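The structure appears right after this line, and notes come after that.
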Amino acid sequence: MIGSGEIARSDMGYDYMCRTQVEVRLKGPVGGFLEKSLGNHLALVPGKVSGYLLELSQLLGVEPVLID
């Protein structure tokens, strides 16, 4: 899943959730994220790396899931 956004809050302290908690403000529509999300755990990478991830997915023969 490839998209852009920024961290709005972190370490919210909800005991019933994962210990690593981040609230993200997506640049694209949130509906796309909700429709295409495959699970609850995602990797967040700092910087503008979408182009690199798209290139890597092509090299690996993996269909990228875009949310922007």
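Rounded to the nearest 20 debye, what is the charge dipole size of the range 5-60 about its Cα centre when +1 sits on each Lys and Arg Cβ and -1 on each Asp and Glu Cβ?
Using only the charged Cβ atoms, the result is roughly 100 debye.
Could you work out the local net charge near residue 21, counting Lys and Arg as +1, Asp and Glu as -1, over the other residues with Cβ closer than 10 Å to its Cβ?
With Lys, Arg at +1 and Asp, Glu at -1, the neighbours total 0.
Show the residues, 5+ positions off or on another chain, whose built amide H is closer than 5 Å to the amide H of residue 5.
When sequence neighbours closer than 5 places are left aside, the close amide H contacts are 27.
Nearest 10 degrees, 0 to 90: what angle lies between the long axis of helix 50-60 and the longest principal axis of the chain (Cα atoms)?
For helix 50-60, the angle is close to 60 degrees.
At 0.36 nm per residue, minus the direct Cα-Cα distance, what do residue 36 and residue 49 gain on full extension? Give it in nm, one decimal, please.
In short, 2.7 nm is gained.
How would the chain be classified by its alpha-carbon gyration tensor: rounded, prolate or oblate, with rounded meaning a/c under 1.5 and the a/b versus b/c comparison settling the rest?
prolate
Here, each number is a calculation from the coordinates, and none is a lab measurement. Please read all numbers here as calculations on a predicted model, not as lab measurements. We place every Cβ from the backbone using ideal geometry, glycine too, and count neighbours over all the protein chains shown.
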